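Below is one structure; the comments refer to it alone.
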Amino acid sequence: MGDNNKAPLVNRTKFTRSASHAHDELQSFRTYLRWMCVDQSNIWTTCLSWFLFIFLGLFVPAVSHFWLACSTCDARHSRPYDWVVQLSLSSIAAMSFVCLTRFLKKYGLKRFMFFDKLCDESETVRNGYTGQLNRSLKIVSIFVLPCFLAETAYKVWWYASGASQIPFLGIVWLSDAVACFMELWSWLYRTTVFFLVCVLFRMICSLLVLRLHDFAQVFHVDYDVGSVLSEHLRIRRHLRIISHRYRGFILWCLILVTGSQFTSLLITTKSNSELNIYKSGELAMCSITLLTGLCILLRSATKITHKAQSVTCLAAKWHVCATLGNSFNTSDGDQTPRGSAVHGIETFPSVAGVDGGQSDGEDAGDEEDDLDNDKIIPAYAYSTISYQKRQALVTYFENNRAGITIYGFTLDRSTLHTIFGIELSLVLWLLGKTIGSI
């Protein structure tokens, strides 16, 4: 088959360097981590990192709840749900902080984000992943800033309108200004740490999506089956690495967010609970923040799992097209078959607006890509690959479905449906215990 003369599977032009240095593409990200005080590269930054986490993640929320609870305030300034807000944000921030610092300390930023492997990827994958890195901090800001502005407006109103009722030390306005600033700083720190870990997971998943799109090109040219298998095994290995690193974080995030939401539902559906924007507004903001981060994790995991499993469909279509050869009649400029699929069957004329031509492509929208589409693969390039090898490769794909897993459970769309069904059942049960008993 002349395998020795074939081109490599992907065009892997090496980076001019693979070692990390202070002015590489991760420079801005390292600066951001230092400003966040999650960089633990030496003993001094480690002490500063833990001190800031304990102060902003635990001490300030505790003081805010026990000292500024304001049980004697009027109805608009009392905070009956503050303990749920503080406990939820602190617990999710603590888990995020521990996971992030452990990742960075154990693997290093470059290895954790798979930048040490980019030298083995094509130019398309490298450029796409670098673009994702440049947009990652903007994505964190997009999720954090709107919630922070709403939280700032609420805190400023709360301290400004209830200054005489809120406990203070010394000068009223100065004490309230310092307390307001510390509470906002604590909220911003805890929320940003949580979203940072979620966006990092999203960005790493986007790297695998880019690699799978690049991998899909092997079915459009004449490559050796052994090289295709080796590349897919490498992708599966990286998926296992990502799953192993993030499985604990995703699982605990799901548990903590679920516990927070059910606690919020339980205390707000009591017969004596009073719900208004002043009392439950901060609780609603906390729920939106936690659910947004969880959705980022689950959507990223299910997307990469769906793309990885689409390879099986693509390989099966490639095998069929190569086996049938020129049995399909395709139109110029369109790879969707318009004629009969089997010889000997009469071909019906196309009807305007009903045939599978341009209208079908428009209906598909942006959901089609190199991995998941309805285009026929040209078969003229596969004459050198035997039927047995193609069948063996398709059988391998069918029995080795890749994706993000959590302790053996694949995070795909069916898993999300199962999680949603369980959560809905618990919600209905809880509502039956609270509202049903009124």
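Length gain on complete extension for the stretch TYR154 to LEU426, per 0.36 nm per residue less the alpha carbon to alpha carbon distance? Show your work: numbers first, answer last.
Working: separation 272, 0.36 × 272 = 97.92 nm, distance 3.15 nm.
Extending this stretch completely gives an extra 94.8 nm.
Probing with 1.4 Å while keeping every protein chain in the model, the per residue accessible area of the range 177-307 equals 36 Å².
At the residue level, ARG236 shows approximately 50 square angstrom of accessible surface with a 1.4 angstrom probe and all protein chains present.
Summarising the overall dimensions of the range 33-117 from its C-alpha atoms, the Rg and Dmax are 17.3, 59 angstrom. Remark: the range 34-128 carries 48 Å² of accessible area per residue (probe radius 1.4 Å; ligands, DNA and RNA excluded).
Pairs LYS105/LYS303; LYS117/LYS303; LYS105/LYS307; LYS138/LYS303; LYS110/LYS138; LYS155/LYS303: which exceed 26 Å Cα-Cα? Show your work: numbers first, answer last.
On the way: LYS105/LYS303 28 Å; LYS117/LYS303 22 Å; LYS105/LYS307 31 Å; LYS138/LYS303 21 Å; LYS110/LYS138 20 Å; LYS155/LYS303 37 Å.
Distance filter (> 26 Å) returns LYS105/LYS303; LYS105/LYS307; LYS155/LYS303.
On the basis of the beta-carbon distance and an R0 of 45 Å, ILE142 and GLN388 show a calculated FRET efficiency of 0.30. The fraction of accessible area contributed by carbon and sulfur in the range 194-268 is 63 percent, rounded to a whole number (1.4 Å probe; ligands and nucleic acids excluded).
In whole angstrom, the range 210-259 maps to an equivalent ellipsoid with semi-axes of 34, 11, 6, each derived as √(5λ) from the alpha carbon gyration tensor and ordered largest first. Per-residue SASA remark: SER243, around 10 Å² accessible (1.4 Å probe; ligands, DNA and RNA not included). Of the chymotrypsin sites (Phe, Trp or Tyr not before Pro) found in the range 81-151, none is in coil by DSSP with at most 14 other Cβ atoms within 10 Å of its Cβ. Counting only heavy atoms of the protein chains and using a 1.4 Å probe, TRP187 has close to 10 Å² of accessible surface. Here the calculated FRET efficiency for HIS238 and GLU274, from their Cβ-Cβ distance with R0 = 60 Å, stands at 0.70, rounded to the nearest 0.05. Multiplying the residue separation of ASN42 and GLU398 by 0.36 nm and subtracting their alpha-carbon distance yields 123.4 nm.
In terms of its C-alpha gyration tensor, the range 89-154 comes out oblate, because a/c is 1.5 or above while a/b does not outweigh b/c.
The values are calculated or read from the model by the stated rules, or taken from the named source; none is laboratory data. As the structure is a prediction and not an experimental result, all values here were calculated from the model. Because the Cβ atoms are built from the backbone with ideal geometry, glycine has one as well, and the counts that use them run over all protein chains shown. Note: accessible area is taken over every heavy atom of the protein model, side chains too, but ligands, DNA and RNA are not part of it. Shrake-Rupley method; radii C 1.70, N 1.55, O 1.52, S 1.80 Å.
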